[in-house]
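One structure below.
Readers should treat all values here as calculations from the given coordinates under stated rules, not as data from a laboratory. What you see is a predicted model; the values in this text were computed from it and never measured. Ideal geometry is used to build each Cβ from the backbone, glycine not excepted, and the neighbour counts take in all protein chains shown.
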């Protein structure tokens, strides 16, 4: 799997994002490209902002038991999976704004580096190692960039 901490892999990911345009149509799913970019930003907002409340103890336990391994493993996501409420984008978004935010988050993550993330507490899954953080970030981005043909 590519690395969100590797400069060359990050440059390739950003190049893929830069090939998107507001007119690009999804190959599957219901989101528009602007909604997809905003959707991908949520993963980073959970790390870098306090925008979303942490799940309560019961939901957190359910997430760790039933969802965590699917999210942090190297196994690709299936198409048309259920989306957690905070990741659902129902309104039109500003394509350029969301694209810039996503690229900025990706660069910030790469610059902070894997050691910053090794052992860091995830919003939904508790303590993750650097490989789990990488898999979660990259796999999600790759899934949606592939969804939009880049």
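Compute the distance in nm between two label points, each set 7 Å from the Cα along the Cα-to-Cβ direction, one at residue 81 and one at residue 2.
1.8 nm
List 77, 148 from most exposed to least, where exposure is judged by having the fewest other Cβ atoms within 10 Å.
Listing 77, 148 from fewest to most nearby Cβ atoms yields 77, 148.
For residue 15 and residue 50, what is the calculated FRET efficiency with R₀ set at 35 Å and r taken between the beta-carbons, to the nearest 0.05?
0.65
Based on the Cβ-Cβ distance of residue 131 and residue 88, what FRET efficiency does E = 1/(1 + (r/R0)^6) give at R0 = 25 Å, to the nearest 0.05?
The computed FRET efficiency comes out at 0.35.
How large are Rg and Dmax for the chain when calculated on the C-alpha trace, in angstrom?
According to the Cα coordinates of the chain, Rg and Dmax are 14.7, 41 Å.
For the residues 124, 73, what sequence is obtained by ranking on other C-beta atoms within 10 Å, fewest first?
Listed from fewest to most nearby Cβ atoms, that is 73, 124.
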